[in-house]
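Trainee: Handing you a structure now.
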Amino acid sequence: MKNKKAQIEISFNWIFILIVGGAILMFFIILSNVITTDAEKTANIKTTERLKTILSAAENNEESIKELKELGYEATFLCEFGQLYYQIKDKNTEPEIITTNTLFVPKTIGKSKLNAWSTTYQAPYDITTTLLLTDEKTMYLFDNSSDSAKKIYYAFPEEISKELIDLSSNKITFEDQGHRKYIFVTGTNPEPQIAPPNLKQKITIIKIPQNTNQGEIKFYDYKEPNYGELETSTKAFTTQEILQGAIISGDSELYECTLNNIHQREKIIAQMNIKRIELINKTYDSRHKCSIYFSTTILTEPLNGIINALENFDTDYINHGNNIEELNKLNNELRRISCPMIY
Amino acid sequence: MKKAQMQGGETIAVMIIIVVLIIIGLVFGLGRTTEKIEKDANQIDFLNSIRIAIKVTNLQEIKCSRANSGGNTCIDKYKVLSLSELIKENNEAYVIYQGIFENTQIKINEIYPGTETYTIYDYNDSINKSRTATYVPILLWDPIKDTKQFGIMEVATYN
């Protein structure tokens, strides 16, 4: 009888040990999962903040090229409701808004060294610093037979992956060197044919005009899902800095997204300058030599012209350019007669 | 019987000790995690305030014209006045600068001569209402009188 009781007791002890041990093990497994998920979220937040800080610092370095550390992950950029967002590829994270609204970037960058090239967009005064961000895995190929393409090739910093190639036969023949994206820049040739069909999804062709300060850019892409025919999209530009941004981006949607943000800023600055002229006019005596410029529409007319041209930029870019020229002349005149300049 | 009761008591005592140890471990671990999260949050706030201060001090629209440049720190007084008026009156301008400046107060304080203060932008929808301020010395240029004044630009980000 006592033996039986002892045996039952031992069995109960073992059952008890198994149940409690199993419960403790389950508890620690759940806890470690929670900690791992939180650590991942924290890491993603830190990465996001770090990228934002890098973009801010690079954006505010005037006219410079900076090589940044390798981005250990791939980021995809998209335009939603007129704002640029980026998302870390292969991670379950929400798209993050880019606060740097003047960023020209290809659709995907990462897992390689980054190059951040900042230039100043002027129209004619400084509007904003534009940040052109690309990576080693995006290759820019310029048509050797086109003067405008060669001019942009030499303007591109050496740090960016670029090459001069021969497109004179209307066929693009090249070897895939393992880059993620190939952006061809051509000037004088008609729509080229792509030779290697298996590389269609990696290719974008950009046709630029002879005048690199103003004109229309044509983007040619093979679109998903079949990468069948070339799809074209035409966008306008003014200044070589914006043209360079379009080439760096290689994507008409992302280019348009950034350009619209830049133009919004340009419109606001033009309105601000009009207000400044009105404020200065209130301070001047009507007999002052400068009051003729500030009390009439001499200065505000080209500023209003710029604002109106920006409303339909793709068709009105020539007026935009003309008003910028006019403002430049007036500013030089103000300088000559020692009056407060616009910029 | 007594032996069984003692064994039962031992088992309960062991369980209680294990539970107490687990609770102590959890409290300690949670405390460390909370501390770390607070530290990370403070660092993010600090990085954020630096990021916005850099943007504000490099704002092209309020810089002096090139002919009268007093360097990177020269700010045109009339551009400051017109920008702050525009942000107050124009909704589109307000939305654009809200996207650039976020939860920030940007003020320019004249130091010498003069003691005027100009508020360019002020927006705060944060819960904590605490602020991190960055101060940047500037030269404030009057384009009509062609005079320069010492000033401080205060960029305070709300956390």
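The values are calculated or read from the model by the stated rules, or taken from the named source; none is laboratory data. Note that the structure is a prediction, hence the values are computed from the model and not measured. No Cβ is skipped: glycine too gets one built from the backbone with ideal geometry, and neighbour counts run over all protein chains shown. SASA here: full protein model, heavy atoms, side chains in, ligands and nucleic acids out. Shrake-Rupley method; radii C 1.70, N 1.55, O 1.52, S 1.80 Å.
Trainee: Going by the structure shown, is B:Lys107 surrounded by 15 or more Cβ atoms within 10 Å (Cβ to Cβ) and either at pLDDT 90 or above or within 26 Å of A:Tyr284 (Cβ to Cβ) (or both)?
Mentor: Spelling it out, B:Lys107 is indeed surrounded by 15 or more Cβ atoms within 10 Å (Cβ to Cβ) and either at pLDDT 90 or above or within 26 Å of A:Tyr284 (Cβ to Cβ) (or both).
Trainee: Evaluate region B:18-28: report whether one residue or more is closer than 30 Å to A:Thr283 by Cβ, open to solvent by 40 Å² or more (accessible area, probe 1.4 Å) and more than 8 Å from chain A (Cβ to nearest Cβ).
Mentor: Among the residues of region B:18-28, not one is closer than 30 Å to A:Thr283 by Cβ, open to solvent by 40 Å² or more (accessible area, probe 1.4 Å) and more than 8 Å from chain A (Cβ to nearest Cβ), which makes the answer no.
Trainee: Kindly indicate whether A:Glu256 is within 24 Å of B:Cys64 (Cβ to Cβ) and either assigned by TED's automatic domain parsing to the domain that holds A:Thr128 or part of a helix (DSSP H, G or I) (or both).
Mentor: no
Trainee: Tally time: how many residues in region B:72-83 are open to solvent by 10 Å² or more (accessible area, probe 1.4 Å), at the interface with chain A (Cβ under 10 Å from one of its Cβ atoms) and not aliphatic (A, V, I, L, M)?
Mentor: Of the residues in region B:72-83, 4 are open to solvent by 10 Å² or more (accessible area, probe 1.4 Å), at the interface with chain A (Cβ under 10 Å from one of its Cβ atoms) and not aliphatic (A, V, I, L, M).
Trainee: Let me ask you something else. For A:Ser146, state whether it is within 27 Å of A:Tyr317 (Cα to Cα), among the small types (Gly, Ala, Ser) and not assigned by TED's automatic domain parsing to the domain that holds A:Pro209. Talk me through it step by step, then tell me what you get.
Mentor: Values: within 27 Å of A:Tyr317 (Cα to Cα): yes; among the small types (Gly, Ala, Ser): yes; not assigned by TED's automatic domain parsing to the domain that holds A:Pro209: no.
It is false that A:Ser146 is within 27 Å of A:Tyr317 (Cα to Cα), among the small types (Gly, Ala, Ser) and not assigned by TED's automatic domain parsing to the domain that holds A:Pro209.
Trainee: Here is a follow-up. Any residue that is over 30 Å from A:Phe12 (Cβ atoms) and more than 25 Å from the chain's Cα centre (by Cα) - is there at least one of those in region B:44-63?
Mentor: No - not one qualifying residue is present in region B:44-63.
Trainee: For region A:228-257: of the residues being among the acidic types (Asp, Glu) and free of Cβ contacts under 8 Å to residues at least 40 places away in the same chain, which is farthest from A:Lys150 (Cα to Cα)?
Mentor: The residue in question is A:Glu229.
Trainee: Which condition number does A:Ser112 fail, the rest of (1) in a helix (DSSP H, G or I); (2) surrounded by fewer than 21 Cβ atoms within 10 Å (Cβ to Cβ) being met?
Mentor: (1)
Trainee: What do you reckon, is A:Ile248 hydrophobic (A, V, I, L, M, F, W, C), in contact with a Phe, Trp or Tyr (Cβ under 6 Å, 6 or more places away or on another chain) and in a helix (DSSP H, G or I)?
Mentor: In short, yes.
Trainee: Within 14 Å of chain B (Cβ to nearest Cβ), surrounded by fewer than 17 Cβ atoms within 10 Å (Cβ to Cβ) and touching a residue at least 24 places away in the same chain (Cβ under 8 Å): which single residue out of A:Asn273, A:Asn260, A:Asn331 fits that description?
Mentor: A:Asn260
Trainee: For region B:80-115, which positions are of a type in the set (Ser, Thr, Tyr) and within 17 Å of B:Ala133 (Cα to Cα)? Let's see the steps before the verdict.
Mentor: Taking region B:80-115 and keeping what is of a type in the set (Ser, Thr, Tyr), we get B:82, B:84, B:94, B:97, B:104, B:112, B:115.
Matches in region B:80-115: B:Thr104 only.
Trainee: Could you look through region A:1-40, keep only residues that are closer than 18 Å to B:Gly29 by Cα and not aliphatic (A, V, I, L, M), and pick out the one that is modelled with the lowest pLDDT?
Mentor: A:Glu40
Trainee: I've got another one for you. Considering (1) within 20 Å of A:Gly215 (Cα to Cα); (2) out of contact with any helix residue (DSSP H, G or I) (no Cβ under 6 Å at 6 or more places or on another chain); (3) within 14 Å of chain B (Cβ to nearest Cβ), say which one A:Leu310 fails and leave the rest.
Mentor: The failed condition is (2).
Trainee: Can you tell me which residue is most open to solvent (accessible area, probe 1.4 Å) among those in region A:276-302 that are within 14 Å of chain B (Cβ to nearest Cβ) and basic (Lys, Arg)?
Mentor: Once the filter is applied, the top-ranked residue is A:Lys282.
Trainee: Filter region B:58-67 down to the residues that are facing another protein chain (nearest Cβ under 8 Å) and within 15 Å of A:Thr100 (Cα to Cα), then identify the one that is least open to solvent (accessible area, probe 1.4 Å).
Mentor: B:Gln60
Trainee: Right, something else. Which condition number does B:Ile144 fail, the rest of (1) of a type in the set (A, V, I, L, M, F, W, C); (2) surrounded by 17 or more Cβ atoms within 10 Å (Cβ to Cβ); (3) within 14 Å of another protein chain (Cβ to nearest Cβ) being met?
Mentor: Among (1) of a type in the set (A, V, I, L, M, F, W, C); (2) surrounded by 17 or more Cβ atoms within 10 Å (Cβ to Cβ); (3) within 14 Å of another protein chain (Cβ to nearest Cβ), B:Ile144 violates only (2).
Trainee: For region A:148-164, indicate whether the set of residues that are surrounded by 21 or more Cβ atoms within 10 Å (Cβ to Cβ) and modelled with pLDDT under 90 is non-empty.
Mentor: Among the residues of region A:148-164, not one is surrounded by 21 or more Cβ atoms within 10 Å (Cβ to Cβ) and modelled with pLDDT under 90, which makes the answer no.
Trainee: When you scan region B:49-159 for strands (runs of 3 or more DSSP E) that lie fully inside it, which ones turn up with 3 or more residues that are closer than 22 Å to A:Tyr125 by Cα?
Mentor: Answer list for region B:49-159: B:74-76, B:131-142.
Trainee: From the residues in region A:81-107 that are over 17 Å from A:Asn260 (Cα atoms), open to solvent by 30 Å² or more (accessible area, probe 1.4 Å) and not in a loop (DSSP other than H, G, I, E, B), which one is nearest to the other protein chains (Cβ to nearest Cβ)?
Mentor: A:Glu96
Trainee: Please work out which one of (1) in the same structural domain as A:Asn273 (by TED's automatic domain parsing); (2) within 22 Å of B:Asp76 (Cα to Cα) is the condition A:Asp314 fails and give its number.
Mentor: It is condition (2) that A:Asp314 fails.
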